[in-house]
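Read the figures in this text as sums done on the coordinates, not as results from a lab. All values reported here derive from a predicted model rather than from experimental measurement. Methodologically, a virtual Cβ is constructed for each residue, glycine included, from the backbone with ideal geometry; neighbour enumeration extends over all protein chains shown.
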Amino acid sequence: MKWYLSQEDYINDSRRWLKQSEADIKAAEGSRKNKNYEWACFQSHQASEKALKSLYFNYSADPWGHSVVKLINDFPEKKIKKEIDKLLAKARELDKLYIPTRYPNGLPELTPSEAYSDEEAGRAIESSKAIIDKVKSIINIEIVESGGRQASSGQKQDHSKSQG
């Protein structure tokens, strides 16, 4: 039995987590459209959490926890951490949606379905998309700099012919 992940395993996991992140944000948009605002908010949190975990795997690191803020604060690569630190305000917004969007005892006198609005769901989706987009841009830069690791689409990038 294998007790460690190879670099290839980490890269494959990174792609899988990013793919699920993108599916989660699509689900959030569907929930918002269907006026399930609490679910749109929670799914937005999940999408950003999974995108950041994808980034960890891309750097052969093992993420832990569900806090988007903590995932940013604990990121092990200093150069990349500086880039994602710019998203801390959005991460804080999303972390506030992790528990109360799901449990009736998370908010006084209201259920989650009564508490969240279209505006809040929209902000959560936009915050999550900003995190996902940043992660995708960082991973794509890493693909280019590494000389052609597997791209998010699953297609091998050919960087042997550079322009300019």
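Annotation for residue 130 and residue 99: the two label points, set 7 Å from Cα along the Cα-Cβ direction, are 2.5 nm apart.
Per-residue 3J(HN,Hα) values for segment 10-23, derived from phi via the Karplus relation 6.51 cos²θ - 1.76 cosθ + 1.60 with θ = phi - 60°, read 4, 5, 4, 5, 4, 5, 5, 5, 5, 4, 5, 4, 5, 5 Hz in sequence order (x marks Gly and Pro).
Of all aspartates and glutamates in the structure, those lying under 19 Å Cα to Cα from residue 79, and not within fewer than 8 positions of it along the same chain, are 62, 133, 142, 145.
One equal scatterer on each Cα of segment 7-140, no solvent, Debye formula: the resulting log10 I(q)/I(0) at q = 0.20 Å⁻¹ is -1.06.
Label sites at residue 89 and residue 111, each approximated as a point 7 angstrom past Cα along Cα to Cβ, lie 3.5 nm apart.
Across the cross-link table entries 81/136; 19/96; 53/134; 96/136; 50/90, which are compared at the Cα atoms, the separations over 22 Å belong to 19/96; 96/136. Between residue 119 and residue 19, what FRET efficiency comes out of the Förster formula 1/(1 + (r/R0)^6) with R0 = 22 Å and r the beta carbon distance, rounded to 0.05? The calculated FRET efficiency here is 0.15.
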